[in-house]
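The values are calculated or read from the model by the stated rules, or taken from the named source; none is laboratory data. These figures come from a predicted structure and were not determined experimentally. Reconstructed Cβ throughout: ideal geometry from the backbone, glycine too, with neighbour counts over all protein chains shown. Just so you know, the surface numbers come from the protein's heavy atoms only, side chains and all, with ligands and any DNA or RNA stripped out. Shrake-Rupley method; radii C 1.70, N 1.55, O 1.52, S 1.80 Å.
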Amino acid sequence: MATLDSRLTPAQLGLLDRWPGPWELIEDMSWQLQGITVLRLRAAAGEVVAKASGTAHHIGREIRAYRKITAPLAGRTPVLLHADAAEQVLVASYLPGRLVEGGPQEQTPGLFRQAGELLALLHRPRQRNNGYDGAVLNKIGDFADRAAGLVPAAQLSAVRRLAAAHRPAPRLLCATHG
């Protein structure tokens, strides 16, 4: 396994030393996905989780989610304690638990009911957006242009006709995970 010095930048390590104060590594909880390092730390104020990455948009999205979206789940999700999107690092409170997949709770209906309740709170529409349809139509046009030669011309023509016939309208947007 790579050392923390090779997985975290000096700036990230400096922020971890400053934010929770002196800390001790309890567990490396990284999944080796998308270059994200996840560490469970013991600090003076208690256990925390630090996440750091060299891929800015993942940590940045998580910081935005903590700041703007997870409020309805208060008490049932970690709390963002510190974050620096430019340095791609955050520290959140530690919420004890374990992965359900492959464990004894994997087939427990009540557990999935709780998860559904949380998802229903998380995915409630939050804001009206007048520009969403236009952005999607631009994306469809871009994809259709790039698909030329890969997709039959008749199919691309049908996609373009459908897109041109669409009349944009305001949309209620909700949080999604990717």
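Where residues in the stretch 28-58 are open to solvent by 80 Å² or more (accessible area, probe 1.4 Å) and modelled with pLDDT under 95, which of them is nearest to A92 (Cα to Cα)? Ranking the qualifying residues of the stretch 28-58, first place goes to A45.
Among the residues of the stretch 1-27, which ones are open to solvent by 30 Å² or more (accessible area, probe 1.4 Å), more than 23 Å from P96 (Cα to Cα) and at pLDDT 90 or above? Within the stretch 1-27, T9, P10, A11, L13, G14, R18 qualify. Say whether the condition of being open to solvent by 80 Å² or more (accessible area, probe 1.4 Å), outside any loop (DSSP other than H, G, I, E, B) and either touching a helix residue (DSSP H, G or I) at 6+ places or on another chain (Cβ under 9 Å) or touching a residue at least 12 places away in the same chain (Cβ under 8 Å) (or both) is met by at least one residue in the stretch 103-110. Checked the stretch 103-110: no residue is open to solvent by 80 Å² or more (accessible area, probe 1.4 Å), outside any loop (DSSP other than H, G, I, E, B) and either touching a helix residue (DSSP H, G or I) at 6+ places or on another chain (Cβ under 9 Å) or touching a residue at least 12 places away in the same chain (Cβ under 8 Å) (or both). May I ask you to say which residue of A120, A135, A163, A144 is assigned to a helix (DSSP H, G or I), open to solvent by less than 70 Å² (accessible area, probe 1.4 Å), of a type in the set (G, A, S) and modelled with pLDDT under 90? Selected residue: A120, the only one of A120, A135, A163, A144 that is assigned to a helix (DSSP H, G or I), open to solvent by less than 70 Å² (accessible area, probe 1.4 Å), of a type in the set (G, A, S) and modelled with pLDDT under 90. Cβ-Cβ contacts under 6 Å between residues 6 or more apart (or on different chains), taken from a first residue in the stretch 155-178 that is among the charged types (D, E, K, R) to a second residue that is open to solvent by 100 Å² or more (accessible area, probe 1.4 Å), are listed as R171/Y132. Candidates T70, T108: the one that is more than 23 Å from R126 (Cβ to Cβ) and of a type outside the set (A, V, I, L, M) is T108.
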